[in-house]
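Working notes, beginning with the structure itself.
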Amino acid sequence: MPNFKADYHCHTTISDGSLTPEQLIDLAMEHDVTHLAITDHDTTGGYEAGLPFAKAKGLQLISGTEISCQWQGHTIHIVGLEMDITNDALQAGLKWNRVLRWQRAFEIDAKASKKFGSLLENILPTIKGGMIGRNHFAHEMIARGLVKDQGKAFDKYLKQGRSLYAKVDWPELSEIVQWITGAGGIAVMAHPHVYKMSAHKLNTMLKEFKDAGGEGIEVVNQPRVCSEQLGMADRAKRLGLYASQGSDFHRPEHTWRGLGWLAPMPVGTDPIWNHFTKPENRPTKSV
Ligand code: AMP
Ligand code: MN
Ligand code: MN
Ligand code: MN
């Protein structure tokens, strides 16, 4: 067992992952992960459901969520870590985002119904945590043989510009940062390399994120060292953001994304794990 191995971004059946919080924790332990944050979309339910099991197994579980927001017309994801999940403003905000998700789901299903019949009727019994996302539709389409895999479901139907796409008017980025920091948590910019914007625009967004109270950025989210990581490490250093790491694990059959499979944190960054308030969330020896 290593002294310290962290994954601060993953999903369970409480949002759009395929493993229950308990199954995910078992997998984390198989992969020698010592510190885990379950970051289900727009809910802290994954953390809450997993906490008793993590405690019993001796895995350090950090409170987490991944919140959807918008900035200059782009949908952006912000990971919140080490929040007080009993904070009313945070929970009210997350609930609002889940309402927006349900409104979108009905819009998507109305479009789907015209094309190939309702998808939602099969999805509803599978919803575990009150959160519904586009992945639920993608996997129902796979189950019905309409598409081969999740990527095809998005490319053909679910992404912006495709026939089942429905826009969501998510809250603004600065507001979401406040939900997290107001609950005593650390706001982390999730997977900054996936947003389709120029390097200049990304830098502008990160600067605004930092000005709004954002403190972290995901630098490592793959097993291999790659140019994106080095680019994000450089931005973390220049902007004075803590460097985070997370696999964004959703399901075991996505074999390119293993829980805890993460390249070493680039040298010269300021790792987020040194900044958690609770001593048990920090490594006992320097990493
Ligand atoms: P949602 O928050 O419900 O709009 O869904 C976002 C999730 O859909 C992401 O977390 C990804 O798991 C997945 N996703 C988004 N775009 C794609 C894509 N082009 N291919 C495959 N999965 C995608
Ligand atoms: Mn997801
Ligand atoms: Mn995301
Ligand atoms: Mn995610």
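Here are a few things to note about the model shown:
- The lone criterion from (1) within 16 Å of ligand 2 (Cβ to nearest atom); (2) hydrophobic (A, V, I, L, M, F, W, C); (3) open to solvent by less than 10 Å² (accessible area, probe 1.4 Å) left unmet by Phe154 is number (3).
- Selection over segment 27-58 of residues that are open to solvent by 10 Å² or more (accessible area, probe 1.4 Å), assigned to a loop (DSSP other than H, G, I, E, B) and not polar (S, T, N, Q) gives a count of 3.
- Residues of segment 239-284 that are touching a Lys or Arg at 6+ places or on another chain (Cβ under 7 Å) and exposed (fewer than 11 other Cβ atoms within 10 Å of the Cβ): Gly268 alone.
- In segment 175-203, residue nearest to Gln70 (Cα to Cα) [restricted to those that are open to solvent by 10 Å² or more (accessible area, probe 1.4 Å) and within 16 Å of ligand 4 (Cβ to nearest atom)]: Tyr195
- Residues within segment 235-278 that are within 17 Å of the chain's Cα centre (by Cα) and in a loop (DSSP other than H, G, I, E, B), tallied: 14
- Conditions (1) within 16 Å of Glu280 (Cβ to Cβ); (2) in contact with a helix residue (DSSP H, G or I) (Cβ under 6 Å, 6 or more places away or on another chain): number failed by Ala49: (1)
- Of all residues in segment 151-170, exactly one satisfies the criterion of being touching a residue at least 60 places away in the same chain (Cβ under 8 Å) and within 8 Å of ligand 1 (Cβ to nearest atom), namely Val168.
- Condition check for Leu241: within 16 Å of His193 (Cα to Cα) and either touching a helix residue (DSSP H, G or I) at 6+ places or on another chain (Cβ under 6 Å) or free of Cβ contacts under 8 Å to residues at least 40 places away in the same chain (or both): no
- Of everything in segment 17-26 that is more than 12 Å from the chain's Cα centre (by Cα), within 16 Å of ligand 1 (Cβ to nearest atom) and of a type outside the set (S, T, N, Q), the residue that is most open to solvent (accessible area, probe 1.4 Å) is Leu19.
- Any hit, segment 7-16, residues being more than 16 Å from ligand 3 (Cβ to nearest atom), open to solvent by less than 10 Å² (accessible area, probe 1.4 Å) and under 25 Å from Met189 (Cβ atoms): no
Residue-by-condition table, conditions (1) over 30 Å from Gln160 (Cβ atoms); (2) touching a residue at least 60 places away in the same chain (Cβ under 8 Å); (3) among the charged types (D, E, K, R):
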site	(1), (2), (3)
Glu30	yes, no, yes
Val33	yes, yes, no
Thr39	no, yes, no
Leu51	yes, no, no
Trp71	no, yes, no
Val79	no, yes, no
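The values are calculated or read from the model by the stated rules, or taken from the named source; none is laboratory data. Just so you know, these numbers come straight off a predicted model, no measurement behind them. Positions of Cβ are generated from backbone atoms using ideal geometry, with glycine treated the same way; all protein chains shown enter the neighbour counts. What goes into the accessible areas is simple: the full protein's heavy atoms, side chains included, and nothing from ligands, DNA or RNA. Shrake-Rupley method; radii C 1.70, N 1.55, O 1.52, S 1.80 Å.
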